[in-house]
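Some notes on the structure that comes next.
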Amino acid sequence: MTMPTFVQILDFIGTFAFAISGIRLASAKRFDWFGAYVVGFVTAIGGGTIRDLLLDVTPGWMTDPIYLICTGLALLWVILFGKYLIHLNNTFFIFDSIGLALFTVVGVGKSILLGYPFWVAIIMGSITGAAGGVIRDVFINEIPLIFRKEIYAMACVVGGTFYWLCHLWGLEAFVCQIVGGVSVFLTRILSVKYQICLPILSGHEEDTEK
């Protein structure tokens, strides 16, 4: 039995955080336990699955049951402490931001390890971080966050860029992961706190009036 690596630890924590964010929203929509588990699971593994399929590797949850277990623990956490979580308005936001940061660096690191160029690594990091949230929002019938004006997927791009720059400077992998993850988290937190957003793409007035 081997000890988990730093990347695996990040992956597990990210899975737990994303699963809680999905289950928390499912509970607000009054899903049953199984429905909430499914939403939490696809939130946690959705981005990584798409990434692995694009990178032509077997998705992690198909070879290791820890992702199923993490989601189960997240469901248990929400069942036991759900009343407290509901009263904390920022709970979903914090857990979602943590998951976004951790999954982004896992995606970037895996792509670099497989020998892909930096732009592919940044895209794969963004997919790993943001795609699970898209699937979650579709499941609960909400407009996905990345299509709204909030900085979401762009936070992944920022973190992925910092990760790559650290890698380019020859820093240790765990330093790259910490810098990249903190960059994603701070970008997301600060953009919401100070209401920083991308410009809205507006059509012609005659088009909107039709």
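The values are calculated or read from the model by the stated rules, or taken from the named source; none is laboratory data. Everything numeric in this text was worked out from a predicted model, so none of it was measured. Heads up, the Cβs are rebuilt from the backbone with ideal geometry, glycines too, and the neighbour counts pull from every protein chain shown.
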Exercise for the section: Find all pairs meeting these conditions: Cβ atoms under 7 angstrom apart; at least six residues apart or on different chains; first residue within segment 114-137 and buried (at least 24 other Cβ atoms within 10 Å of the Cβ); second residue in a loop (DSSP other than H, G, I, E, B). Expected result: Met124/Leu55; Ala130/Tyr152; Gly133/Pro144
Exercise for the section: Determine if segment 42-50 includes at least one residue that is outside any helix (DSSP H, G or I), polar (S, T, N, Q) and farther than 19 Å from Gly180 by Cα. Expected result: no
Practice task
Kindly indicate whether Phe12 is in contact with an Asp or Glu (Cβ under 8 Å, 6 or more places away or on another chain), under 18 Å from Ala131 (Cα atoms) and either not in a loop (DSSP other than H, G, I, E, B) or not acidic (Asp, Glu) (or both).
Solution key: no
Fill in the blank from the handout: Counting only residues in segment 51-96 that are among the polar types (S, T, N, Q) and part of a loop (DSSP other than H, G, I, E, B), the one modelled with the lowest pLDDT is identified as Asn89
Problem - Matching option when the condition is farther than 27 Å from Val39 by Cβ, without any contact (Cβ under 8 Å) to a residue 24 or more places away in the chain and either exposed (fewer than 13 other Cβ atoms within 10 Å of the Cβ) or not β-branched (Val, Ile, Thr) (or both), among Trp169, Trp164 - result: Trp169
